[in-house]
Amino acid sequence: MTDTTGHNDGRTAREVREYLLTQLNDALRRPGMYGGETALRLYLDAVAFADAAEQAWQQELKDLQTRRGSFSTGVSGAFQDLWGDAHEGAVASVYAEIAYRQGWLRLDRTLTSAEHDEIRRVSETWCRKDRLLSDVVTAFGPPSVLFGGNNPNYPKTLAYATDRRDDTLLCFHLWNAFAPSPSSSSASVHAEPVLWAFRDGGTLFTDGFTFTPEGSACRRAS
């Protein structure tokens, strides 16, 4: 509210929470524009405080460390150890799992239980061949959340989710990059991102991954 002098007497708790949730969801989708993993943790700290859920947030972090999904270098370190590259979209998807369970993740598309189950059912067989971004979208439709932006020259992660927070956030991790010299600086390695792995929960962090041939080759080379 604003008094007769034009001074604002402050935001409501609901307005503050809404603002923080919007910032968190924007940062998850475009982590590179917001400061990467450190910024994601700060936004989650703030949202947890606004929701009086600090204890749940800290427990999520402890569980992630127990599952070996976060090292002293954070989730980035876990991905670096896994396949030699810490994609910002992949890192963001791990924090998005926490946001999803806590009711903080906003979905652009919600899957039915049948659609969710079908992805889980076919994922192992489907990942036996190399796949592209367009293959994922053609097979399973637009994602619930896209982590990493729309530029095809960069890695990204596509996540699929239902409206039930106890369901797993299903993630497809795709990679691309600019080709090294002497290629043109504007030329990417692939015409569109190529699938490295599908992730579906797991007792330990690495247990949840199903790798494509391309992803397995990258792991051996890392």
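Within the full protein context, the accessible area of His116 is estimated at about 0 Å² for a probe radius of 1.4 Å. Computed from Cα positions, the angle between helix 36-50 and the longest principal axis of the chain comes to roughly 40 degrees.
Angle of helix 88-101 to the longest C-alpha principal axis of the chain, folded into 0 to 90 degrees and rounded to 10: 50°. Helix 54-66 and the long axis of the chain differ in direction by around 20°, with both axes built from C-alpha atoms. Placing +1 on the Cβ of every Lys and Arg and -1 on the Cβ of every Asp and Glu, with nothing else charged, gives the range 1-137 a dipole about its Cα centre of roughly 300 debye. Dipole orientation for the chain: of the candidates Thr22, Thr73, Gly32, Thr73 has the Cα lying most toward the positive pole (charges on Cβ; Lys, Arg +1; Asp, Glu -1). Excluding ligands, DNA and RNA, the accessible surface per residue across the chain is 52 Å² with a 1.4 Å probe.
If you bin all the Cα-Cα distances of the range 1-148 at 10 Å, starting from zero, the percentages per bin are 10, 32, 34, 17, 5, 2, 0. By definition, a body whose alpha carbon gyration tensor gives a ≥ b ≥ c is oblate when a/c is 1.5 or more and a/b is not larger than b/c, and the range 24-93 fits this oblate description.
When the solvent-accessible area of the range 9-162 is split by element, carbon and sulfur atoms take up 49 percent of it, the probe being 1.4 Å.
The values are calculated or read from the model by the stated rules, or taken from the named source; none is laboratory data. All of these numbers come straight from a predicted model, not from anything done at the bench. Every residue, glycine as well, gets a Cβ built from its backbone with ideal geometry; the counts of neighbours run over all protein chains shown. Heads up: the accessible areas ignore ligands, DNA and RNA and are worked out on the full protein's heavy atoms, side chains in. Shrake-Rupley method; radii C 1.70, N 1.55, O 1.52, S 1.80 Å.
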